[in-house]
Amino acid sequence: MNTRIEQLNALLAGKADCALVTDDLNRRYLTGMKSSAGYVLVFPEEAYLIIDSRYIERAREVVKDCIVLEQEPQVLRQLGDLMHRHGAGTCALESMTLTLQRAALFTRIEGVEMLTNSLLSQALYDLRTVKSAEELAKIEAAQQLAEDALDALLQKLHAGMTERDVALELDFHMRRHGAEDLSFETIALTGAHTSMPHGVPDDRVIRQGDFVLMDFGAVVDGYHSDTTRTVCVGEPTEEMREVYGIVRTAQDAARAAAKPGISGADLDEVARAVIRDAGYGDAFGHSLGHGVGLEIHEFPVASPQRKTLMAPGNVVTIEPGIYLPGKFGVRIEDFVVITEDGCRTLTGIPNRLVCV
Ligand code: ZN
Ligand code: ZN
């Protein structure tokens, strides 16, 4: 297997003489080194990580695929000298994450044309959307932490707890058992609040018969997980059961359709059609899913406009929902990895309605 830097070089061949990577996540992806600053300068024949004194000792230990150099006070000159030494006439920059100010700075390097088109960002995203076995193992470890937290919560979930209590229980459990971070601010909503897809937990108290909607995830070694479960405290009404069943059917249908070659739009439509046919088309406003990896929202995206085709190794969420303002909402979110002939669900807990 080629290194990530070799794979990047293959995508840039003939289009740029070198590439300058400054985005924190892309730098970490290429080098395995987590830091809040630094430069990866990639040439076809050699790659360099230029990093300041705060990180240099660690970088020399962990970085294997590039030459580690300590950042000099005049970093522009240092970068320029390397470009000149390697005879580079063009350098690709990251159009999707680099600020205009920093891009302008790099154009001061003489004799090298800075390419601000989408070439480099797109190449890095293309690489990052296809997960290796090693990356999948990290995502699954993160997911396991989240599921263990849900298990522990369900043992004690009861009427009288607040949304904030629920979120804190999940967060504490994930952090206590090894999460390096939370994937995002945990969403825990109850009662009528559940109709707000991304509501913020507050002091609202769970009452008997309420839905509790929880959207949460853990980070392990940089990789995120993402799960939503809607559970009932006590007995749901007929309408709550019916709506839950429709969302679940929509999710199962999309899962069955997820395979290489299906577009993000077509995958979204499989779930959306189930919800529309059941008469709730207006109650599902967001897209079906998104990629998950070093970022909680990345490519590929499953939404009505996306023509991008799913490919083996893609990780994507399947999270249909029905939201009825003033009443309640249901979202069920699993995530899957696209395989050679279908998909494998990375979520280990079932999607049936749980009542506690
Ligand atoms: Zn989520
Ligand atoms: Zn999600």
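Only Lys, Arg, Asp and Glu count, each charged at its Cβ (+1, +1, -1, -1), so figure out the dipole size of the chain about its Cα centre, rounded to 20 debye. Spell out each step's value before the answer.
Working: 35 positive and 53 negative charges, 38 e Å.
Dipole about the Cα centre, nearest 20: 180 debye.
With each label point set 7 Å from Cα along the Cα-Cβ vector, what nm distance links residue 65 and residue 81?
2.7 nm
Loop-only trypsin sites (Lys or Arg not before Pro) in region 172-232, please: DSSP not H, G, I, E or B, and at most 13 other Cβ atoms within 10 Å. Before the final figure, lay out the partial values.
Working: sites: 175, 176, 204, 207, 229; in loops: 204, 207.
Hits after loop and neighbour filter: 207.
Tell me the volume per residue, in Å³, of the convex hull enclosing the alpha carbons of the chain.
Details: hull volume 51.4 nm³, N = 356.
For the chain, the hull spanned by Cα atoms encloses 144 Å³ per residue.
Whenever you get a sec, compute what percent of the accessible area on the chain sits on carbon and sulfur atoms (1.4 Å probe).
On the way: 7880 of 15610 Å².
Summing carbon and sulfur atoms, their accessible area is 50 percent of the total for the chain.
Measure nothing fancy, just the Cα-based angle from helix 264-277's long axis to the longest principal axis of the chain, in degrees from 0 to 90, nearest 10.
Taking the Cα atoms of the chain, the angle to 264-277 is about 10 degrees.
Using only protein heavy atoms and a 1.4 Å probe, report how much of residue 177 is accessible, in Å² to the nearest 10.
Probe radius 1.4 Å; accessible area of residue 177 about 110 Å².
Give the residue list of trypsin sites (Lys or Arg not before Pro) in region 309-356 that are DSSP loop and have at most 12 other beta-carbon atoms within 10 angstrom. Don't jump to the answer; show the numbers that get you there.
Working: sites: 327, 331, 344, 352; in loops: 327, 352.
When the trypsin sites (Lys or Arg not before Pro) of region 309-356 are filtered for loop state and at most 12 Cβ neighbours within 10 Å, 352 remain.
Per residue, how many Å² of accessible area does the chain show with a 1.4 Å probe? Walk me through the numbers on the way to the answer.
Values: 15610 Å² over 356 residues.
I get 44 Å² per residue for this part.
Compute the relative contact order of the chain as a whole-number percentage, counting only Cα pairs closer than 8 Å that sit 6 or more residues apart in sequence. Mind showing how you got there, number by number?
Values: 772 pairs, mean separation 48.5, N = 356.
Across the chain, relative contact order equals 14 percent.
Enumerate by residue number the GluC sites (Glu not before Pro) in region 56-156 meeting two conditions: DSSP loop (anything except H, G, I, E, B), and at most 15 other Cβ atoms within 10 Å of the site's Cβ. Before the final figure, lay out the partial values.
Numbers: sites: 57, 61, 70, 94, 110, 113, 134, 135, 140, 147; in loops: 94, 110.
The qualifying sites are 110.
Please compute the modelled spin-label separation between residue 37 and residue 162, points set 7 Å along Cα→Cβ, answer in nm with one decimal.
4.0 nm
Only Cα pairs within less than 10 Å get springs; with that Gaussian network setup on the chain, which residue of 267, 153, 105 has the largest fluctuation?
Of 267, 153, 105, the Gaussian network model singles out 105 as fluctuating most.
For region 133-345, state the semi-axes of the equivalent ellipsoid (square roots of 5 times the eigenvalues of the alpha-carbon gyration tensor), sorted largest first and rounded to whole angstrom. Each step should come with its number before you reach the end.
Values: eigenvalues 141, 104, 30 Å².
Value: 27, 23, 12 Å, ordered largest first.
What per residue convex hull volume, in Å³, do the alpha-carbon atoms of region 1-154 yield?
Here the figure is 139 Å³ per residue.
Calculated FRET efficiency, residue 134 and residue 341, Cβ-Cβ r, R0 30 Å, to nearest 0.05?
Values: r = 22 Å, r/R0 = 0.74.
The calculated FRET efficiency here is 0.85.
By a straight-distance test (C-alpha under 29 Å), which lysines pair with residue 15 as possible cross-link partners, with residues fewer than eight away in the same chain excluded?
The qualifying lysines are 34, 64, 131, 307.
Sorted by mean Cβ packing within 10 Å, highest first, what order do the peptides 249-262, 296-309 take?
On the way: 249-262: 18.8, 296-309: 16.8.
Put in order of decreasing packing, that is 249-262, 296-309.
Label residue 24 and residue 125 with points 7 Å out from Cα along Cα→Cβ: what is the distance between them in nm?
Between residue 24 and residue 125, the simple spin-label model gives 2.0 nm.
The values are calculated or read from the model by the stated rules, or taken from the named source; none is laboratory data. Every value quoted in this text rests on a predicted model; they were computed, and no experiment measured them. Note that each Cβ is placed from the backbone with ideal geometry, even for glycine, and that neighbours are counted across all protein chains shown. Surface areas here come from the heavy atoms of the whole protein model, side chains and all, with no ligands, DNA or RNA. Shrake-Rupley method; radii C 1.70, N 1.55, O 1.52, S 1.80 Å.
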